[in-house]
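Working notes for the structure below.
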């Protein structure tokens, strides 16, 4: 490969990296905005967040196409090939995080028709952890930093615990006062969405560890 | 490309196709077995299903590696490139379906320590639909059949409705008799797992439609 081609290829990789980070930033915005819409009972922001998901979908298609172009034109091998195919997988997780945020925003619009059930305490904590997991999983990817990726995997347990706590608390509400059921079901569903956001971040982190460490690490403790 | 290389490449694609179908078959077996373990209260089968997930994880790594090799050695373009990168994405969905079945089997082992709550009616129906969605999504992929893929997407609504029905029914149990709560929570979680299996099948089907129809179809009605 000539020096010219090499640097053009480096520019391609850099571009894919920065497109992914852009998409990651927008997905984090969706997490923040959908939660803000819920907590501040802001239906306008909820509707804007639902609309914003199109932007995430557009970026998914764009990054996929860019990766395919680079694969076709530059025919990368080894580490670079692994990087691009991983980018293709990560973009799918990011898009699905966007879908979860759209679901949260939709449920926020429905909750806004009903009186508030209780102040949100665990849910914003869950959202904050999930959002930081997304940021860190992407950082781990662009830097090839498996330590950071391991950290993301560990934090998934915190999110799962918060989710269980929320499910239990809302069940108590439903049992004590059946008029809360509709709202409690919506809120448990939102907690589930956040849990799935964290799962996607964990998936990305696991794939990064696989990229950095090789094939024996992806299914930790699975014996695979 | 010489005729010899061409046919070698065709053989590679055929191999990837058959590896994916093999993985799909094993994932369907996991759906069937995890549900059988639940319904027949068969802890041994549940434990075997948890163990079997390693096989799915092994296949994921193998197919990924095979796709990377083909990308590196044959440097496919256009439609073939799209096929292989889609295979890379689909394999991730299949592996995550395996994870959901492992979760179902784990919950089955816990439920087997407790007296039965009620006969399962909707849950096996949900599982049967989800399993057929997985089969059909993969068939749609290997045949490039977008009509079949559209059918899979439509059936996702059936699964969502069954899931909502199960959630509501079990909530009634919990409210009427708080001693059912532990079991009812486990069963609602299993319904959620099946819903996610169907979601993964739908994701695969959407990607197939995208592969067949081009970039304007993936986010149906999203305006993207």
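The values are calculated or read from the model by the stated rules, or taken from the named source; none is laboratory data. Model, not experiment: these values are computed from the prediction. All Cβ positions, even for glycine, are placed from backbone atoms using ideal geometry, and neighbour counts span all protein chains on display.
Taken over region B:162-195, the residue count meeting the criterion of being at pLDDT 95 or above and farther than 21 Å from residue A:195 by Cα is 1. Taking the criterion of being over 16 Å from residue A:114 (Cα atoms) and surrounded by 15 or more Cβ atoms within 10 Å (Cβ to Cβ), the residues of region A:171-185 that qualify are A:171, A:175. Applying a threshold of 7 Å to beta carbon distances and a minimum spacing of six or more residues, or different chains, the list of pairs starting in region A:32-44 at a residue that is at pLDDT 95 or above and ending at one that is outside any helix (DSSP H, G or I) reads A:36/A:42; A:39/A:120; A:41/A:112; A:43/A:112.
Can you tell which of B:22, B:15 is surrounded by fewer than 16 Cβ atoms within 10 Å (Cβ to Cβ) and without any contact (Cβ under 8 Å) to a residue 40 or more places away in the chain? Let's see the steps before the verdict.
Details: B:15 fails: without any contact (Cβ under 8 Å) to a residue 40 or more places away in the chain.
Only one candidate passes the filter, namely B:22.
Working carefully through the options B:60, B:51, find the one that is touching a residue at least 12 places away in the same chain (Cβ under 8 Å) and at the interface with chain A (Cβ under 10 Å from one of its Cβ atoms).
Matching residue, one of B:60, B:51: B:60.
For region B:37-47, indicate whether the set of residues that are facing chain A (nearest Cβ under 10 Å) and outside any helix (DSSP H, G or I) is non-empty.
To start, the set of residues in region B:37-47 that are facing chain A (nearest Cβ under 10 Å) comprises none.
Looking for residues that are facing chain A (nearest Cβ under 10 Å) and outside any helix (DSSP H, G or I), one finds none in region B:37-47, hence no.
Cβ-Cβ contacts under 6 Å between residues 6 or more apart (or on different chains), taken from a first residue in region A:68-83 that is at the interface with chain B (Cβ under 7 Å from one of its Cβ atoms) to a second residue that is modelled with pLDDT under 90 and not in a helix (DSSP H, G or I), are listed as A:72/B:77; A:75/B:75. Screening residue A:73 with (1) at pLDDT below 95; (2) more than 30 Å from residue B:78 (Cβ to Cβ) gives one miss only, at (2). Filtering region B:72-89 to residues that are in a helix (DSSP H, G or I) and either touching a helix residue (DSSP H, G or I) at 6+ places or on another chain (Cβ under 6 Å) or at positive phi (or both) leaves B:72, B:74, B:78, B:81, B:82, B:84, B:85, B:86, B:87, B:88, B:89. Spot the failing condition for residue A:24; the list is (1) within 22 Å of residue A:201 (Cα to Cα); (2) out of contact with any helix residue (DSSP H, G or I) (no Cβ under 6 Å at 6 or more places or on another chain), and only one is missed. Unmet condition: (2).
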